[in-house]
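The values are calculated or read from the model by the stated rules, or taken from the named source; none is laboratory data. Remember, predicted model here, so these are calculated numbers, not experimental data. Note that we place each Cβ from the backbone using ideal geometry, even for glycine, and neighbour counts take in every protein chain shown.
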There are 2 protein chains.
Amino acid sequence: MSFLPFAIEVGALNACFFAERGFNVELFESREDIRRAEVVKGRSINLALSHRGRQALKQVGMEDKIVSQGIPMNSRMIHSLNGKQSPIPYGKKGQVKAETYPNTKLNFDHKLLDWRAETGRMTFARSDGSKEQINADLIVGCDGAFSAIRKQFLRRSRFDYSQTYIPHGYMELTMPPIDGEFAMKPNYLHIWPRNTFMMIALPNLDKTFTCTLFMPFDEFEKITTGDEVIDFFQKYFPDAIPLIGVDALKTDYFRLPGQAMVSIKCSPYHIEDKCVLMGDAAHAVVPFYGQGMNAGFEDCIVFGEILDQLNNDFSAVLPEYSRVRVPDDHAIADLAMYNYIEMRAHVNSKWFIFRKHVDNFLHFLMPSTIVPLYTMVTFTRTRYHEAVDRWHWQDKVINRGLLLSATAALLGGSYLLIKNPPDISKLIRPAEKMWDGLVALCNPRALARI
Amino acid sequence: MSFLPFAIEVGALNACFFAERGFNVELFESREDIRRAEVVKGRSINLALSHRGRQALKQVGMEDKIVSQGIPMNSRMIHSLNGKQSPIPYGKKGQVKAETYPNTKLNFDHKLLDWRAETGRMTFARSDGSKEQINADLIVGCDGAFSAIRKQFLRRSRFDYSQTYIPHGYMELTMPPIDGEFAMKPNYLHIWPRNTFMMIALPNLDKTFTCTLFMPFDEFEKITTGDEVIDFFQKYFPDAIPLIGVDALKTDYFRLPGQAMVSIKCSPYHIEDKCVLMGDAAHAVVPFYGQGMNAGFEDCIVFGEILDQLNNDFSAVLPEYSRVRVPDDHAIADLAMYNYIEMRAHVNSKWFIFRKHVDNFLHFLMPSTIVPLYTMVTFTRTRYHEAVDRWHWQDKVINRGLLLSATAALLGGSYLLIKNPPDISKLIRPAEKMWDGLVALCNPRALARI
């Protein structure tokens, strides 16, 4: 018998994975039953479900059910300052948004006070003041970025941990329906890009939109009155004012302060054969790659695969899970942070835009050799850290190819012999021919080698 | 009135800095009075005191007292595998080792249970089971790498924190005196370098040496019997066996397992105007640059300077201290980790050794323009992060100089015009002429610009 305390989402999905394998599963949630509670506003960024997440749901037969409850988003809609809207499609495959998940056996109103790795004993507090003790064979901590389970990890030696807050905060504002219908086109992720800050809007099932404003904390703090809110929106998001409503805007802005966003990495994910961290408890990411929930769902697939490989022997499964999964989760945390930092710095650089065009052109020419990073991350199950390695490799090859072409052009067509193509031997396989091909472009002698 | 709970070393020094400025200072230490306690073996790496630390001691008139209690070490002594000893001097200035520090007003046996940022109230536990509550205007947390004060920081939003353990552990072994005298020459840091692991020995006042063995944890764990310890020493440190003693070695090795080493960085160092972290509580570093204690002592100087600048107004002093000090402490933590990681990888590289020679030669030619990193860190009070910036700059300039020289040689003396010396305009001042000088070496036209 095995008890698994965890919260909603990754926890609920994990419960299905374990239950399907014949384990007895018990879930513990500190809050009251959220199915009966009022909707908590302003605290949760809507979640994007893409390929990895869907694969996980598929394995427990929930894909169709969840996807049907979400609102499909196949395009982004860019709102420019003058109110013009321009759709930009996402690509071949679809993305969908989902908010609620079914789950199997849940104990609500159980707040974890402490637990012991030696015994697997957990102590919970109930809202009536009572305490409850429960022993588990395996404790799966899916209790979010501020995990109570993880506190025990921090008390032990040789546990690597980092938490990094970004200078931006976020704030959620609600855009109500107009005449019972969505105020804007629903099947889009609406984006108002404004350099150092931006607003996005995602559709909900009740025909409202949740608008999320991302902005540096010091900008949030500059706005102190309702009139200043309106002035600010007038300057940057004038088309959103009538849709949200002047009065709502003036009050909603001050309901909660800007919320912090944190990136958390740690290693290892397990303590002996007793406890393992998954989801945001193991790897909270900033929400700029849309992979937070997908990475958490993929955790369940990977853990399930290792359970099968190692015959459910927790003492072997847990270290193996840490070994396999840590580099991938660290890679996606880094990518999300990279998108936050670098995209803002690069997005206006001519070289960056030129390189995007080159990448897309090469992907068109050689679809299996050059794959844009975003495609690998969002539409495949390529391991995150391999996607990053391959991205770096492609970058190097393409930059060198461009350099070589430029040099060849410069030398007026004279031959160029590259004796030791640097590093290539260490790099990844399928695209290895690529370099030779590029060399051959300017060196007919190399053709003999191909 | 102001109470400051903190532990030994940085805490004691800080107490002097505050006391000199007229604050009422109270120190709290969780252990019993260590002046009366037995020496705790095997848990403390000996501490190296260099320029920054001495400057801090000087400001409270303690330099001579402390230095006279330490044992000066002016050289390293390298023990090769065949037992040959080769001294390598440290440079112009002296370094000294010290172990004990006087302190002013101490409350021992006060273990911090909790504290509140709103009120400055701390709750301590005493060994007789009683509790004690104390209010302070300012709480200075100098309570080490595993700081109890810092726990409160971790519960707050927007506190960046990272702890990274390295794969090496350390173990301390004692080398007793022979006929009442040191078993090896005392005024040296003795080093047995052995690639992936090494042993060092530092002299103590009681004529013993403390030998510290640094080794990956999995190597420690491979040795499970007394005979295996002797075999291991026979293979790598044969000259140390008779000096430590066969029987002592067989038992001492198993007294404690290999001890972990952690690098800790965080930001900010303060909570409102109530609490500030200093020393290892703010920035534990791995012990491979000999700057851990010196950085902690320099914290006291920097805080003192800011107190003076801002008239002891804690609400202004604390944020300013975080702003000024965080980048420097992060730089020294990174440098210590760099020494751990990179030196082992580079130490046998021909380019690395060649560059060391070039650097030393350029320092000889232009002592105020090119200063080796080690010299800036150990023998000056150049801000750590500026030392790192300048080091990167020097590196770039020297590498480019070498590249230019090589290119010039290759082109058989033909002129080379560098139209846009890249990045130089953004770089640091005094050595700016350097680049022009190097260009001039191979481009007489540029001479007109100098």
Being under 30 Å from B:Leu335 (Cα atoms), of a type outside the set (A, V, I, L, M, F, W, C) and within 14 Å of chain A (Cβ to nearest Cβ) narrows B:Glu272, B:Glu221 down to just B:Glu221
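Are any of the residues in the range A:19-41 within 20 Å of the chain's Cα centre (by Cα), over 26 Å from A:Met171 (Cα atoms) and at pLDDT 75 or above?
No, because not a single residue in the range A:19-41 is within 20 Å of the chain's Cα centre (by Cα), over 26 Å from A:Met171 (Cα atoms) and at pLDDT 75 or above.
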ask   = Going by the structure shown, is A:Arg126 within 27 Å of B:Pro268 (Cα to Cα) and modelled with pLDDT of 90 or more?
value = no
Of the conditions (1) closer than 30 Å to B:Thr212 by Cα; (2) touching a Lys or Arg at 6+ places or on another chain (Cβ under 9 Å), the single one that B:Val324 does not satisfy is (1)
Taking the range B:222-256 and keeping only residues that are surrounded by 12 or more Cβ atoms within 10 Å (Cβ to Cβ) and assigned to a loop (DSSP other than H, G, I, E, B), one is left with B:Ile223, B:Phe237, B:Gly245, B:Tyr253, B:Phe254, B:Leu256
Quick count over the range A:189-221, residues being assigned to a strand (DSSP E or B) and more than 24 Å from A:Met261 (Cα to Cα), is 0
Would you confirm, using the coordinates I've provided, whether A:Val285 is in the same structural domain as A:Arg155 (by TED's automatic domain parsing), more than 21 Å from A:Leu49 (Cα to Cα) and buried (at least 21 other Cβ atoms within 10 Å of the Cβ)? no
Residue count, the range A:115-169, condition in a strand (DSSP E or B) and under 28 Å from A:Thr212 (Cα atoms), comes to 9
Of those in the range B:170-186 that are more than 18 Å from the chain's Cα centre (by Cα) and in a strand (DSSP E or B), the residue farthest from the other protein chains (Cβ to nearest Cβ) is B:Glu181
Within the range B:202-211, of all residues that are surrounded by 20 or more Cβ atoms within 10 Å (Cβ to Cβ) and modelled with pLDDT of 90 or more, the one farthest from the other protein chains (Cβ to nearest Cβ) is B:Phe209
Of the residues in the range A:120-167, those that are touching a helix residue (DSSP H, G or I) at 6+ places or on another chain (Cβ under 7 Å) and either within 10 Å of chain B (Cβ to nearest Cβ) or free of Cβ contacts under 8 Å to residues at least 40 places away in the same chain (or both) come to A:Phe159, A:Tyr161, A:Ile166, A:Pro167
Subset of the range B:289-316, residues over 15 Å from B:Gln59 (Cβ atoms), touching a residue at least 40 places away in the same chain (Cβ under 8 Å), assigned to a helix (DSSP H, G or I) and over 23 Å from the mean Cα position of the chain (by Cα), comes to B:Phe314, B:Ser315
Across (1) buried (at least 17 other Cβ atoms within 10 Å of the Cβ); (2) modelled with pLDDT under 85, A:Leu112 clears everything bar (2)
Only one of (1) within 24 Å of the chain's Cα centre (by Cα); (2) in the same structural domain as B:Ala117 (by TED's automatic domain parsing) does not apply to B:Ala201, and that is (2)
Do we have A:Tyr253 as within 28 Å of the chain's Cα centre (by Cα), more than 15 Å from A:His79 (Cβ to Cβ) and within 14 Å of chain B (Cβ to nearest Cβ) here? no
A:Leu189 fails exactly one of (1) more than 14 Å from every other protein chain (Cβ to nearest Cβ); (2) within 28 Å of the chain's Cα centre (by Cα); (3) surrounded by fewer than 20 Cβ atoms within 10 Å (Cβ to Cβ), namely (3)
The lone condition B:Met337 fails out of (1) more than 27 Å from B:Glu63 (Cβ to Cβ); (2) modelled with pLDDT of 95 or more; (3) not charged (D, E, K, R) is (2)
(1) modelled with pLDDT under 65; (2) exposed (fewer than 13 other Cβ atoms within 10 Å of the Cβ); (3) under 23 Å from the mean Cα position of the chain (by Cα); (4) of a type in the set (Gly, Ala, Ser) all hold for B:Gly61 apart from (1)
